[in-house]
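Asks: Structure provided below as structure tokens; questions to follow.
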Amino acid sequence: MEGSGEQPGPQPQHPGDHRIRDGDFVVLKREDVFKAVQVQRRKKVTFEKQWFYLDNVIGHSYGTAFEVTSGGSLQPKKKREEPTAETKEAGTDNRNIVDDGKSQKLTQDDIKALKDKGIKGEEIVQQLIENSTTFRDKTEFAQDKYIKKKKKKYEAIITVVKPSTRILSIMYYAREPGKINHMRYDTLAQMLTLGNIRAGNKMIVMETCAGLVLGAMMERMGGFGSIIQLYPGGGPVRAATACFGFPKSFLSGLYEFPLNKVDSLLHGTFSAKMLSSEPKDSALVEESNGTLEEKQASEQENEDSMAEAPESNHPEDQETMETISQDPEHKGPKERGSKKDYEKQRRQEEQRKRHLEAAALLSERNADGLIVASRFHPTPLLLSLLDFVAPSRPFVVYCQYKEPLLECYTKLRERGGVINLRLSETWLRNYQVLPDRSHPKLLMSGGGGYLLSGFTVAMDNLKADTSLKSNASTLESHETEEPAAKKRKCPESDS
């Protein structure tokens, strides 16, 4: 493919890439809870009912654990040597321990007073252990469970980790599963494997999962190859894609194309004039990438442009605006409006150019794979988009429910041109792995969605069902003729 061969490769990683820098996208982790944020100085971040600033994390390595101190400051946590099993005093049985609520000498007022004094959570946990009358009588396993429970409640330990497909998919599935169509992280891993996502591919993706599937594909491809994203509405939503923090070189191979123009592209009636009839806000939606601040800015810009629209309707006003913009002495509101209009037109022209490039790539009809994961019915999407995929290439369709994929499976069998159709559901169960305490966890996920996968093959002009019927009729004729030939040879052998 000419387009992918000319695009620049990803920039080499610098030695400081493993350290956190200002403006990087990171994921905050506390126990099993995640939150994706952007590192900015003097920006207040609220996480798990606590607020703090991320100024002190800049310059530290990813994976560093921080402790929230007074004033919302984060300080690196120092490792402490835990007591060994020999120094611990533990009981042998828990049967005589009664949970009557009187074993703890410290009251809630005492604990609140300790917090107000600025005592760290680690010291509070230590005082809770010392003031518990039943702690020494508990077994060693029960003591570890007690300490872990109190640390989770009173210690504010936050780990800053680098965003990845696994971490972001776990975060979205736990916090906002509706935004990713309840796609579980193991199902996403199956999609990437069945779709043969690798560097150098030319992939087509249609997803409404906040850009999570797109970001996973971009991470797997590493900036090599090209991805054409089909989007409904005014523009693609890439909130999760922005959380990955990809460099600009990764975006050079990313194209987008409106879904409502696919039929015209299939029938050969697509032209560049059709793109001019699209909504003008699509460029703003594209550049927002799902971040709240930029969305608000784009909405404000739309309001400003709508307020200035009556003034620029007449051609005389347009001429005066152009002359004012060229004259440096005039610096009124009209000049600011003309600059905004110019930037808006420039973005729209760039987006139109990218749409034409995506249309050229789709017209080649030699894509290396197709990924569909949307809230729409998969049957019409898949039957239309399969025409852009080259033969012997994989395709994967995700749906939260099984019934739409069953209908899609039936339609594909009738249509032909596909082999190795497989409808699957992954089963996931978490395990606790600890010394002498490894066992499956009590709670598990009820479902993570369904996948329909297969491979495309070259299809003749004849319909698949008629060819199958003709093949079946010829086989039946051969079966009826063979016994007659054998009967003629029998008398000759007897004589």
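Quick note: the coordinates plus some simple rules give every number you see, no bench work behind them. For clarity, every value in this text was computed on a predicted model and none was experimentally measured. Using ideal geometry, Cβ is built from the backbone for each residue, glycine included, and neighbour counts are taken over all protein chains shown.
Asks: Quick check: residue separation of L406 and R422 times 0.36 nm, minus the Cα distance between them. What number comes out in nm? Write down the numbers at each step before the final one.
Replies: On the way: separation 16, 0.36 × 16 = 5.76 nm, distance 1.03 nm.
Once the chain is fully extended between L406 and R422, it gains 4.7 nm.
Asks: Kirkwood hydrodynamic radius, region 338-414, all distinct C-alpha pairs: what's the number in Å?
Replies: Details: mean 1/r = 0.0671 Å⁻¹.
In region 338-414 this quantity evaluates to 14.9 Å.
Asks: Can you work out the Karplus-derived ³J(HN,Hα) for every residue in region 364-372? Use 6.51 cos²θ - 1.76 cosθ + 1.60 with θ = phi - 60°, whole Hz, and x for glycine or proline.
Replies: 5, 6, 9, 5, 8, x, 9, 10, 10
Asks: Based on the Cβ-Cβ distance of D144 and T107, what FRET efficiency does E = 1/(1 + (r/R0)^6) give at R0 = 25 Å, to the nearest 0.05?
Replies: Working: r = 25 Å, r/R0 = 1.00.
Efficiency, rounded to the nearest 0.05: 0.50.
Asks: G449's amide H: which non-local residues (gap 5+, or another chain) put their own amide H closer than 5 Å, with H modeled 1.01 Å from N in plane and none for Pro or chain starts?
Replies: Amide H to amide H, under 5 Å and 5 or more residues apart or across chains, G449 pairs with nothing.
Asks: If you don't mind, another one. Could you give the length gained on full extension between A458 and R429, defined as 0.36 nm per residue of separation minus the Cα-Cα distance, in nm?
Replies: Numbers: separation 29, 0.36 × 29 = 10.44 nm, distance 3.97 nm.
That pair, A458 and R429, stretches by 6.5 nm at full extension.
Asks: Put one equal scatterer on each alpha carbon of region 53-195, apply the Debye formula with no solvent term, and list log10 I(q)/I(0) at q = 0.09, 0.20, 0.21 1/Å to two decimals.
Replies: Treating every Cα as an identical point scatterer, log10 I(q)/I(0) equals -0.47, -1.17, -1.22.
Asks: Treating each Cα of region 164-234 as an identical point scatterer and ignoring solvent, apply the Debye formula and state log10 I(q)/I(0) at q = 0.14, 0.21 Å⁻¹.
Replies: -0.41, -0.90
Asks: Set the Förster radius R0 to 60 Å, insert the Cβ-Cβ distance between S392 and K49 as r into 1/(1 + (r/R0)^6), and round the FRET efficiency to 0.05. Could the numbers behind the result be given before it?
Replies: Numbers: r = 53 Å, r/R0 = 0.89.
Efficiency computed from Cβ-Cβ geometry: 0.65.
Asks: Run through every distinct alpha carbon pair of region 166-286 and return the Kirkwood hydrodynamic radius in angstroms, one decimal place.
Replies: Details: mean 1/r = 0.0652 Å⁻¹.
That comes to 15.3 Å for region 166-286.
Asks: Does region 160-203 come out rounded, prolate or oblate by the C-alpha gyration tensor, with a ≥ b ≥ c the root eigenvalues, rounded set by a/c under 1.5 and, if not, prolate when a/b is larger than b/c and oblate if not? Please list the in-between numbers first.
Replies: Numbers: a/c = 2.56, a/b = 1.52, b/c = 1.68.
Oblate shape, in that a/c is at least 1.5 and b/c is the bigger or equal ratio.
Asks: P(r) for region 131-183: what percent of alpha-carbon pairs falls in each 5 Å bin, starting at zero?
Replies: The percentages, shortest bin first, are 4, 15, 14, 13, 12, 14, 11, 9, 7, 2.
Asks: Sticking with this structure for a sec: Hand me the chymotrypsin sites (Phe, Trp or Tyr not before Pro) from region 366-451 located in a DSSP loop with no more than 10 other Cβ atoms within 10 Å, in residue order please. Spell out each step's value before the answer.
Replies: Numbers: sites: F376, F388, F395, Y398, Y401, Y409, W427, Y431, Y450; in loops: F376, Y401, W427.
In loop regions of region 366-451 (DSSP not H, G, I, E or B), the sparsely surrounded chymotrypsin sites (Phe, Trp or Tyr not before Pro) are W427.
Asks: Okay, next question. Need the full-extension length gain, H18 to T159, defined as separation in residues times 0.36 nm minus the C-alpha distance. One decimal, nm. It would help to have the intermediate numbers written out before the result.
Replies: On the way: separation 141, 0.36 × 141 = 50.76 nm, distance 1.45 nm.
Extra length from H18 to T159 when fully extended: 49.3 nm.
Asks: Out of all Cα-Cα pairs in region 19-71, roughly what percent, to the nearest whole number, are more than 14 Å apart?
Replies: Working: 698 of 1378 pairs.
Above the 14 Å cut-off, region 19-71 has 51 percent of its Cα pairs.
Asks: Ordered by residue, what ³J(HN,Hα) values in Hz, to whole numbers, does region 376-387 give under the Karplus form 6.51 cos²θ - 1.76 cosθ + 1.60, where θ = phi - 60° and Gly and Pro are x?
Replies: Once rounded to whole Hz, the list reads 8, 5, x, 5, x, 5, 5, 5, 7, 7, 5, 5.
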